[in-house]
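Report on one structure; see the data block that follows.
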Amino acid sequence: MIQRNTVIDYQQFMQTGLLFMQVSFIGLGVMGYPMAGHLQRAGHSVCVYNRTAAKAKAWQQTYGGDIALTPADAAKNAEIIFVCVGNDDDVREVITGEHGALQHCKAGALLVDHTTASAQLARELAAACAKKGVSFLDAPVSGGQAGAENGQLTIMVGGEQSAFAKAQPVMDAYARHSQLLGEHGSGQLAKMMNQICIAGIVQGLAEAIHFGKQANMDCQAVIDVISKGAAQSWQMENRASTMINGEYSFGFAVDWMRKDLAIALEEARRNGSTLALTALVDQYYADVQKSGGSRWDTSSLLTRLTGVK
């Protein structure tokens, strides 16, 4: 269905060789809300579902599009169904539950799960979708709320090449990079690696800033220098200044990081890998939760060292 009141001009869109698609988006949290918006503004016809109906209505007032009362209704006419919810149980509910998307998916449709979940669940869902003649991709994202809002997410994908080829140009509406990494579950395994890296980097940055403060250094000046060298990282570029100022009211919350690390640690037990640093940082995040920082940004690891609450 062509929406003429979109950001992209119809003639311009036709010249690109791309096609408008009927898509649905299930889950309008801090990530899904802007991601679904990018799809609508890119010219696709979007039907959304959210457990809290008021959020779906607010989305519609902002972007247009349609609202469904259940995930099954949202998926009914969709060529691609995108999902971005909280955890494994939430994903199962909206995909394979009594009113889940697979109840009304048409054969030949594609289901793309952007939730950070377990690789085991991805394989389970791929099998369930195959029985319905539906393709499946596990496609967790990295970039946080800002990346979702700015359309600059990185997407790690597991599944078949043909399904990825169909999804990639549509996901480009909110992604700066997406890549197929292997069979079903590979996207989730890559996201685990991503979170393992972040946990160690943030802890190192927290310790460096704590060390600098104790040594009476101008930490911002030091960061300005070392961010130009081998110590540079996304976390340093985007979180060091706010950490120095004790600001933790934005970004990816501690609760969600612990959920992600739990998935990685469980997978490590399954495949026999050793994640000593990850397990340690996970417990540091537990300390932050106990001090009241469940919803603080993950860079709040510094508060453990400074005693600031």
Problem - Bridge type composition, the chain - antiparallel percent by DSSP, nearest 5 - result: 15
Problem - GLU237-ALA54 pseudo-label distance in nm [points 7 Å out on the Cα-to-Cβ vector] - result: 3.8
Practice task
Decide, for the chain, between rounded, prolate and oblate: order the square roots of the alpha carbon gyration tensor eigenvalues as a ≥ b ≥ c, take rounded if a/c falls under 1.5, and otherwise choose prolate if a/b is larger than b/c, else oblate.
Solution key: prolate
Problem - Nearest-ten-degree value, helix 254-271 long axis tilted from longest Cα axis of the chain - result: 80
Completion exercise
Distance in Å, no decimals, from the C-alpha centre of segment 145-171 to the one of segment 66-82 is 19
Handout entry: Projected area averaged over orientations for segment 184-285, convex hull of C-alpha atoms, nm²
Key = 7.5
Handout entry: Estimated distance in nm for a label pair at ASN245 and GLU183, the labels positioned 7 Å out from Cα along Cα-to-Cβ
Key = 4.9
Problem - Accessible area in the full protein assembly, largest first, 1.4 Å probe, for ILE209, ILE67 - result: ILE67, ILE209
Practice task
Kindly provide the helix-only [θ] at 222 nm of the chain, computed as the sum of -39,500 (n - 2.57) over DSSP H runs of four or more divided by all residues, to the nearest 500 deg cm²/dmol?
Solution key: -15500 deg cm²/dmol
Problem - Accessible area in the full protein assembly, largest first, 1.4 Å probe, for VAL254, VAL30, VAL222 - result: VAL30, VAL222, VAL254
Exercise for the section: May I ask for the Kirkwood hydrodynamic radius of segment 149-201, worked out over all distinct Cα pairs and given in angstroms to one decimal? Expected result: 11.7
Practice task
On a C-alpha basis, how far is the centre of segment 238-309 from the centre of segment 89-137 in Å? Whole number, if you could?
Solution key: 30
Problem - Amide H within-cut-off set for CYS47, under 5 Å, with H built and near neighbours excluded - result: VAL23, SER24, PHE25, ASP66
Practice task
Using the 2.2 N^0.38 Å rule of thumb for compact globular proteins, work out how segment 39-140 stacks up: its C-alpha Rg over that value, please.
Solution key: 1.02
Practice task
Check the straight Cα-Cα distances from LYS228 and name the lysines below 23 Å, setting aside those fewer than 8 residues away within the same chain.
Solution key: LYS213
Practice task
First compute the accessible area of segment 10-145 with a 1.4 Å probe, then give the percent of it belonging to carbon and sulfur atoms.
Solution key: 49
Exercise for the section: Whenever you get a sec, line up LYS228, LYS57 from highest to lowest accessible area (probe 1.4 Å, protein heavy atoms). Expected result: LYS228, LYS57
Problem - Reach of LYS131 by Cα under 22 Å, taken over lysines that are not fewer than 8 positions away in the same chain - result: LYS76, LYS106, LYS166
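Given Cα pairs under 8 Å that are at least 6 residues apart, what percent is the relative contact order of the chain?
12 percent.
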Practice task
For the chain, report the accessible area per residue in Å² (1.4 Å probe, heavy atoms, rounded to an integer).
Solution key: 47
Exercise for the section: Read phi for every residue in segment 120-134 and hand back ³J(HN,Hα) as whole Hz from Karplus 6.51 cos²θ - 1.76 cosθ + 1.60, θ = phi - 60°, with x for Gly and Pro. Expected result: 4, 5, 4, 5, 4, 5, 4, 5, 5, 5, 4, 5, 9, x, 10
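The values are calculated or read from the model by the stated rules, or taken from the named source; none is laboratory data. No experiment lies behind these values; they were computed from the predicted model shown. A quick note on method: Cβ atoms are made from the backbone with ideal geometry, for glycine too, and the neighbour counts reach across all protein chains shown. Heavy atoms of the whole protein, side chains included, go into the accessibility calculation; ligands, DNA and RNA do not. Shrake-Rupley method; radii C 1.70, N 1.55, O 1.52, S 1.80 Å.
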